[in-house]
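Read through the structure below, which is laid out as structure tokens, and then see the notes.
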Amino acid sequence: MIDIHCHILPGIDDGAVTEADSIAMARAAVQEGIHTIIATPHHNNGKYDNTKDSIIKSVEVLSELLVNEDIPLTLLPGQEIRINGDMIDDIDKGELLSLNHTKYMFVEFPASSVPRYAKQMLFDLQVSGYTPVIVHPERNSELIQNPAKLYEFVRKGALTQITAASFVGKFGKNIQKFTKQIVDANLTHFIASDAHNTATRGFCMNEAYQELRSEFGNDLFYMFMENCQLLADNQNVNKMEPSMIRKKKFMGLF
Ligand code: FE
């Protein structure tokens with residue numbers, strides 16, 4: 001398995017604090033059957049700034065540590081970028097980092113809203129040669145309220161990544177339900193851990209893939225697995241025709 005979203009780099013965001021934490025996360029990942037992780041620290045989210053060069057350096061340092069510790073895990077550089085109006089400028093300034101230097105770039109919305117300029121920015125990124133991957137749409141309260149927005153973004157070429165823990169219910173029943181609706185409507189293309197530690201925000205990848213397989217079948221299971229490899233290799237990923245999530249009409253009597 002490849003995990004394309006993980007806060008495993010030590011001391012630079014709200015993920016691993018120390019190198020020992022990173023090592024513990026790496027061991028947990030290998031135990032789950034993960035052989036490659038794209039390290040995606042937060043950037044520009046109001047709390048943490050981690051620019052391209054510093055992330056690449058940090059990946060090098062931790063990779064060496066993994067070799068020394070005999071942990072068979074490959075680390076690749078990435079970044080979880082909070083959407084903002086300066087993204088194109090920041091690309092030009094060399095501050096932004098796509099996933100493993102591919103055309104795929106993580107875009108994070110604020111937890112409770114979708115900025116008005118999001119549609120334009122997702123378009124501008126594509127004009128600049130990047131394919132935006134919206135991270136954890138299932139945890140955004142505006143998208144939960146208005147899933148048609150997510151459909152529009154996907155229809156216009158954005159990809160999305162859901163969180164393994166959301167799929168198995170670790171963020172509650174409502175988010176789990178919405179996550180499965182997103183899968184069912186072909187509005188997502190990747191499952192990743194977004195792991196921050198080994199205790200409260202672990203990997204859950206095995207559990208999520210097993211549950212996906214039993215609920216949605218083998219084809220979708222293999223499609224999701226393959227997509228993470230295709231992304232890491234900068235190949236085009238599998239997509240299916242997206243559809244709208246229909247909110248159940250309120251049938252009860254008032
Ligand atoms: Fe994250």
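Structure notes:
- Cα gyration tensor shape of the stretch 77-125, rounded if a/c is under 1.5, else prolate or oblate by comparing a/b with b/c: prolate
- Relative frequency of Cα-Cα separations exceeding 23 Å in the stretch 27-112, percent: 29
- Over all distinct Cα-Cα pairs of the stretch 23-64, the Kirkwood formula returns a hydrodynamic radius of 11.7 Å.
- Lys/Arg +1, Asp/Glu -1 at C-beta; the stretch 100-254 dipole; positive extreme among ASN236, LEU125, ALA148: ALA148
- Taking the charge dipole of the chain about its Cα centre, with +1 at Lys and Arg Cβ atoms and -1 at Asp and Glu Cβ atoms, the residue from LEU75, SER58, LEU187 reaching farthest to the positive side is LEU187.
- Coupling constants for the stretch 8-21 follow from the phi torsions by the Karplus curve (6.51 cos²θ - 1.76 cosθ + 1.60, θ = phi - 60°), and in residue order they are 8, 6, x, x, 10, 8, 8, x, 3, 8, 10, 4, 4, 4 Hz; glycine and proline get x.
- Peptides 219-226, 96-103 ranked from most to least packed give 96-103, 219-226, packing being the mean of other C-beta atoms within 10 angstrom over each peptide's residues.
- Amide hydrogen proximity for TYR104: with H placed 1.01 Å from N in the peptide plane, the residues at 5 or more positions away or on another chain lying under 5 Å are LEU99, THR131.
- For the chain, the relative contact order comes to 18 percent (Cα pairs under 8 Å, sequence separation of at least 6).
- Whole-Hz Karplus values for the stretch 144-155 come out as 4, 5, 9, x, 4, 4, 5, 4, 4, 4, 5, 4 Hz, taken residue by residue from phi with 6.51 cos²θ - 1.76 cosθ + 1.60 and θ = phi - 60°; glycine and proline positions read x.
- Structure-based [θ]222 nm, the chain - -39500 (n - 2.57) summed over DSSP H runs of at least 4, per residue, nearest 500: -12000 deg cm²/dmol
- Relative packing of 184-195, 234-245, which averages over residues the other C-beta atoms within 10 Å, highest first: 184-195, 234-245
- Positive minus negative residues near LYS93 (Lys, Arg vs Asp, Glu; Cβ under 10 Å): -4
- For ASN206 and GLN126, a Förster radius of 35 Å and the Cβ-Cβ distance give a FRET efficiency of 0.55, rounded to the nearest 0.05.
- Amide hydrogen proximity for ASP49: with H placed 1.01 Å from N in the peptide plane, the residues at 5 or more positions away or on another chain lying under 5 Å are ASN44.
- Put PHE178, PHE123 in order of accessible area, highest first, and with a 1.4 Å probe you get PHE123, PHE178.
- Formal net charge of residues neighbouring MET205 (Cβ-Cβ distance under 9 Å; K, R +1; D, E -1): -3
- Rounded to the nearest 20, the size of the Cβ-charge dipole of the chain about its Cα centre is 1420 debye, with Lys and Arg at +1 and Asp and Glu at -1.
- Span from the the stretch 1-29 Cα centroid across to the the stretch 161-233 one, whole angstrom: 19
- With 19 Å as the limit on Cα-Cα distance, the pairs of LYS103/LYS149; LYS52/LYS149; LYS119/LYS156 that go past it are LYS103/LYS149; LYS52/LYS149.
- Local electrostatic count, ASN140, Cβ distance below 10 Å [Lys/Arg +1, Asp/Glu -1]: -1
- Across the stretch 113-127, coupling constants 3J(HN,Hα) worked out from phi with the 6.51/-1.76/1.60 Karplus curve, θ = phi - 60°, read 8, 10, x, 4, 8, 4, 4, 5, 5, 5, 5, 4, 4, 5, 4 Hz, and Gly and Pro carry x.
- Per-peptide average of other Cβ atoms within 10 Å, ordering 24-31, 46-53 highest first: 24-31, 46-53
- Bins of 5 Å, starting at 0 and running to the largest distance - Cα pair percent for the stretch 2-253: 1, 6, 14, 19, 20, 18, 12, 6, 2, 1, 0, 0, 0, 0
The values are calculated or read from the model by the stated rules, or taken from the named source; none is laboratory data. Values in this document were obtained by computation on a predicted structure and should not be read as measured data. Because the Cβ atoms are built from the backbone with ideal geometry, glycine has one as well, and the counts that use them run over all protein chains shown. Remember, those area values only see protein heavy atoms, side chains included, never the ligands or the DNA or RNA. Shrake-Rupley method; radii C 1.70, N 1.55, O 1.52, S 1.80 Å.
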